[in-house]
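Below: one structure, written as structure tokens.
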Amino acid sequence: MIADQTLVSNWHVQEDALVQTEFSHGERTILKGSLLEQFEFGATLRLSEHNEDTTPALGILAQYSEQEKLYVRLLKRQERWTLAVESMGIAPVVNRVISLPDTFNPTEWHTLHLVQDQAQTHIHLDGSEVLSITETARPAQPGLVTVNAAAAFSRVWQTEVSA
């Protein structure tokens with residue numbers, strides 16, 4: 001299911017879910033599968049634990065290289081949860097924040113889904129497309145990410161999309 005690259009010792013498989021068994025400061029990632037140019041990647045996830053003094057985030061990413069990444073994360077900003085889509089080392093810079101309803105509960109299961117086709121990257125939350133980014137396809141390795149949090153991930157999938 002999950003590649004053991006950058007595997008942190010507090011991640012375990014429990015009842016068909018990959019569970020972070022204790023809170024971790026900083027960013028933790030686990031990369032899945034191999035590099036693909038056009039793909040679908042998704043995971044169902046929920047927040048298990050976070051420290052009120054930090055900014056927690058959990059989600060998925062497309063890693064093009066060690067320095068180039070696209071993050072799709074549920075991120076707590078002040079008292080509200082948002083969906084943040086942010087790039088690192090990629091031009092043009094992607095930095096979009098989508099407000100989520102006041103009733104959004106990150107401790108319930110939610111599904112993030114990223115589709116990278118030939119000309120665009122599509123982002124879905126719980127089955128609805130929330131953002132489309134014009135980006136020419138290039139090889140990326142998808143993965144899971146947490147920041148200042150503990151989380152559980154289930155139904156993690158990666159599928160190559162034909163041109």
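Can you give the longest run of the chain that contains no GluC sites (Glu not before Pro) sitting in a DSSP loop with at most 12 other Cβ atoms inside 10 Å? Display every interim value, and only then the final one.
Numbers: sites that count: 15, 22, 52, 66, 79, 108.
So the longest stretch without any such site is 109-163.
On the protein heavy atoms, probe 1.4 angstrom, tell me the percent of accessible surface of the chain carried by carbon and sulfur. Mind showing how you got there, number by number?
Details: 3660 of 8010 Å².
In the chain, the share of accessible area belonging to carbon and sulfur is 46 percent.
Stretched out straight at 0.36 nm per residue, the stretch from residue 55 to residue 79 would grow longer than its current Cα-Cα span by 7.6 nm.
In percent, rounded to a whole number, the relative contact order of region 17-129 is 24, using alpha-carbon pairs under 8 Å and six or more apart. Once the chain from residue 91 to residue 65 is taken as fully extended at 0.36 nm per residue, the excess over their C-alpha distance is 8.0 nm. The length gained on full extension between residue 13 and residue 118, counted as 0.36 nm times the residue separation minus their Cα-Cα distance, comes to 34.4 nm.
Counting Lys and Arg as +1 and Asp and Glu as -1 over every other residue whose Cβ lies under 10 Å from the Cβ of residue 157, the net charge comes to +1. Entry comment: accessible area of the chain is 49 Å² per residue, from protein heavy atoms only and a probe of 1.4 Å.
The values are calculated or read from the model by the stated rules, or taken from the named source; none is laboratory data. Fair warning: this is a prediction, and the values are worked out from it, not measured in the lab. Note that we place each Cβ from the backbone using ideal geometry, even for glycine, and neighbour counts take in every protein chain shown. These accessible areas exclude ligands, DNA and RNA; they are computed on the full protein's heavy atoms, side chains included. Shrake-Rupley method; radii C 1.70, N 1.55, O 1.52, S 1.80 Å.
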